Amino acid sequence: MAGKAETEAAPFGFKDKLGYMFGDFGNDFTFILSSSFMLKFYTDVMGIDAAVVGLLMMAARFVDAVTDVTMGQLVDRSKPGKGGKFRPWIKRMCGPVAISSFLIYQSGLAGLPYGVKVFWMSVTYILWGSFFYTSINIPYGSMASAISSKPEDRASLSTWRTIGATLAGLAIGVGTPMFAYVTVNGNSVLSGPRMTMIAGFFSILAVICYLLCFRLVRERVEAPANQEKLRLGKLLKGLVTDRPLLGIIAAAIALLLAMLTMGGMAGYVFPNYYGSPKAQSVSSLTGSLAVLAVCAPFAAKLSAKIGKKELAFWGCLSSAAVYLVCLAVHPANPFAYVAFFTLAYIGLGFFNTIIWAMITDVIDDAEVRNGVREDGTIYSVYSFARKLGQALSSGLTGALLTFIGYTQATAFDPVVTERIFKLSCIAPMVGFSLVAVFLWFLYPLNKAKVEANVKELARRRGR
């Protein structure tokens, strides 16, 4: 039954949607910057091998395996305070997240010995991603189910969260290439000092967005502390046998592989193959506008009509087909490539717009089956999967760049740049295809099952 908090707080409305949007806006000022430009920064500015950067990103995920689930348990077992159960973490940890992100991009250290630079990269990246980002992202994501108990409100929050992520991607994807590159000997080269300034600016904006989220959002659904004794074996068994969770995790890893490879390879295919950082900015602009104009207005309506799983499946399958055509056509004009990029982003955007509502479906299904609601734990496992997908995409991108012979010295070699183009099509195409396969065969929560779970939980809560 709805708790006391739900009856006393102001009704769910636009302020909650706007505040939740600002939360992911803040998240992605550091997350998208890392996924899109950290590999480029450390290879081209700091002189670190791409494979070493990718190895770090994958190794950090072993740390996340501990910190993410620990944070989820901490959230589930904490008692609600005056500001709620989840909101206080946002205000508490926004500063450390922003500062640690800024420290990653210190171009002034480029002249230090190789081992020192690798050490600095490793420490700052793990502090940012495995500790501070985790400590704010998991409470933020878990908070959706406490803002409202109504499925339609949660779907709305998912849409507005995607709008926030899209706006952050727009700011980073469009603004960064326009400002961060300089022309040296006729080639577009990433500027270290400019990247340091950009990272500092985005860190400040992240803090502002987090504080706006804290200010505007209200928790309405009572979320009492989980008082059950922690049995690690039982917890792990429950997680590894939860088919909806496993299905969405597999799809999430493949989605991040596709999405972040698109973003990561954009930093190479546009300036190195096409010689046009401007086209990279345009691709971010058109991709973001497509999500805002097509996916955000129609995702909730389409998912209500055909189902979330079904919409995500067809969206990702269409994106894979777009990249297959792009590989075959092999456009010579950078803006023709932008058109393919934008079409693929629409299919991706439908899944991204509804994914957060799909997580609440997984949480609801677990509660129906087990009788215990564990928002923080389930969300933390999903968060870990997303970061694993981020690491795998960066690690794979770094490894493939090394495999095709990409270094500072060969960055504009015609043979290497041709291979870069092919990678920019094949990697996301494979990723999107895997998403479709995992959703269809592993993830069981179709439209009928989700509606049955909602009715069952309403019956148990007396609504």
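The values are calculated or read from the model by the stated rules, or taken from the named source; none is laboratory data. A quick note: this is a predicted structure, and the numbers were derived from the prediction, not measured. Note that each Cβ is placed from the backbone with ideal geometry, even for glycine, and that neighbours are counted across all protein chains shown. Heads up: the accessible areas ignore ligands, DNA and RNA and are worked out on the full protein's heavy atoms, side chains in. Shrake-Rupley method; radii C 1.70, N 1.55, O 1.52, S 1.80 Å.
Could you work out what % of the accessible surface of the chain is carbon and sulfur, using a 1.4 angstrom probe and leaving DNA, RNA and ligands out of the count? All intermediate terms of the calculation are to be shown ahead of the outcome.
Numbers: 12560 of 18280 Å².
C and S fraction of accessible area: 69 percent.
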*For ASN187 and ILE426 in one chain, what is 0.36 nm times their gap in residues minus the Cα-Cα distance, to one decimal in nm?*
83.5 nm
*5 angstrom amide H check on TYR181, placed H, neighbours 5+ away*: SER191
*By the scheme Lys and Arg +1, Asp and Glu -1, what is the net charge of all other residues having a beta-carbon under 10 Å from that of LEU302?*
+2
*Output ³J(HN,Hα) for the stretch 190-205: one whole-Hz value per residue in order, computed from phi by the Karplus curve 6.51 cos²θ - 1.76 cosθ + 1.60 with θ = phi - 60°, and x for Gly and Pro.*
5, 8, x, x, 5, 5, 4, 5, 4, 4, x, 5, 5, 5, 5, 5
*Quick one: accessible area per residue over the chain, 1.4 Å probe, rounded to a whole number of Å²?*
39 Å²
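Can you tell me the FRET efficiency between LEU211 and VAL368 if r is taken as the Cβ-Cβ distance and R0 is 22 Å, rounded to the nearest 0.05?
Working: r = 36 Å, r/R0 = 1.65.
So the FRET efficiency works out to roughly 0.05.
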*Name the residues whose placed amide hydrogens come within less than 5 Å of the amide hydrogen of SER188, ignoring near sequence neighbours (fewer than 5 apart) on the same chain.*
none
*Mind checking the log10 I(q)/I(0) for the chain at q = 0.05, 0.06, 0.07, 0.08 Å⁻¹? Debye, one equal scatterer per Cα, no solvent, two decimals.*
-0.17, -0.24, -0.33, -0.43
*Suppose every K and R has +1 on its Cβ and every D and E has -1 on its Cβ; what is the size of the dipole of the chain about the Cα centre, in Debye to the nearest 20?*
1180 debye
*Using modelled amide H (1.01 Å from N, peptide plane; none on Pro or chain starts), what sits under 5 Å from the amide H of ASN446, excluding residues fewer than 5 places away?*
none
*Express in Å², to the nearest 10, the accessible area of THR176 obtained by rolling a 1.4 Å probe over the protein heavy atoms while all chains stay in place.*
0 Å²
*Okay, which of the stretch 131-162 sit inside 19 Å, backbone N to the point 7 Å along the Cα-Cβ direction of LEU74?*
131-144
*Once both labels are modelled 7 Å past Cα along the beta-carbon direction, what's the LEU109-PHE441 spacing in nm?*
4.3 nm
*Using label points projected 7 Å from each Cα along Cα→Cβ, tell me how many nm separate VAL116 and GLU418, to one decimal.*
4.2 nm
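Around PRO177, what is the net charge, scoring Lys/Arg as +1 and Asp/Glu as -1 over all other residues with Cβ under 14 Å from its Cβ? Show your work: numbers first, answer last.
Working: positive: LYS40, ARG194, LYS278; negative: ASP44.
Around PRO177, the charge tally is +2.
With a/c under 1.5 counting as rounded, go ahead and sort the stretch 88-179 into rounded, prolate or oblate using the C-alpha gyration tensor (a ≥ b ≥ c being the square roots of the eigenvalues; past the cut-off, prolate if a/b is larger than b/c, else oblate).
On the way: a/c = 3.68, a/b = 1.83, b/c = 2.01.
Oblate, since a/c reaches 1.5 and b/c is not below a/b.
Given a Förster distance of 51 Å, report the FRET efficiency between ARG459 and ALA409 from their Cβ-Cβ distance, rounded to the nearest 0.05.
On the way: r = 67 Å, r/R0 = 1.31.
So the FRET efficiency works out to roughly 0.15.
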*Net charge of Cβ neighbours under 14 Å - reference GLN106; Lys, Arg +1; Asp, Glu -1*: +2
*From the phi of every residue in the stretch 38-48, what ³J(HN,Hα) in whole Hz does the Karplus formula 6.51 cos²θ - 1.76 cosθ + 1.60 yield, where θ is phi - 60° and glycine or proline is x?*
5, 4, 4, 4, 7, 7, 8, 9, 8, x, 8
_PHE335 versus ILE306: modelled label distance in nm, points set 7 Å from Cα along the beta carbon direction_ = 3.2 nm
